[in-house]
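One structure is given here, and the rest of the page talks about it.
The values are calculated or read from the model by the stated rules, or taken from the named source; none is laboratory data. Small disclaimer: the values here were computed from a predicted structure and weren't measured. Glycine also receives a Cβ, built like all others from the backbone with ideal geometry; neighbour counts cover every protein chain displayed. For the accessible areas, the whole protein counts, side chains as well, though only heavy atoms, and no ligand, DNA or RNA atoms are used. Shrake-Rupley method; radii C 1.70, N 1.55, O 1.52, S 1.80 Å.
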Amino acid sequence: SHIRFALKLRSCPVLDHQKLIDLLLRECDSLAVGRRPVVREVASLDAPAVFGLFRHTICFPPGLIERLSERELRWVIRHELAHVR
């Protein structure tokens with residue numbers, strides 16, 4: 001199942017909203033996360049998650065960025081980066 005999900009993840013779109021990238025970079029610096037994870041939109045998820053051991057990917061369900069305020073999004077990113085760290 002791990003390999004199937006990894007293969008499926010490759011076809012999921014990378015989220016490259018400037019607001020999200022800026023927030024991710026700030027929080028990576030704040031939490032001392034060296035290798036920045038990629039953020040992808042994964043249709044089969046209902047909640048954010050982190051995938052990968054060496055090349056981390058933060059997986060967001062569709063529409064999450066639009067539903068959350070900037071403060072809420074910051075806390076979601078911090079939570080997922082804590083898993084990465």
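Would it be correct to say that residue 23 is open to solvent by less than 70 Å² (accessible area, probe 1.4 Å) and on the phi < 0 side of the Ramachandran plot? So residue 23 passes the test. Within the option set 42, 14, 50, being open to solvent by less than 40 Å² (accessible area, probe 1.4 Å), modelled with pLDDT of 90 or more and on the phi < 0 side of the Ramachandran plot holds for one residue only, 42.
Quick one: how many residues across the range 75-85 are in a helix (DSSP H, G or I), open to solvent by 80 Å² or more (accessible area, probe 1.4 Å) and closer than 14 Å to residue 33 by Cβ? Total satisfying the criteria: 2.
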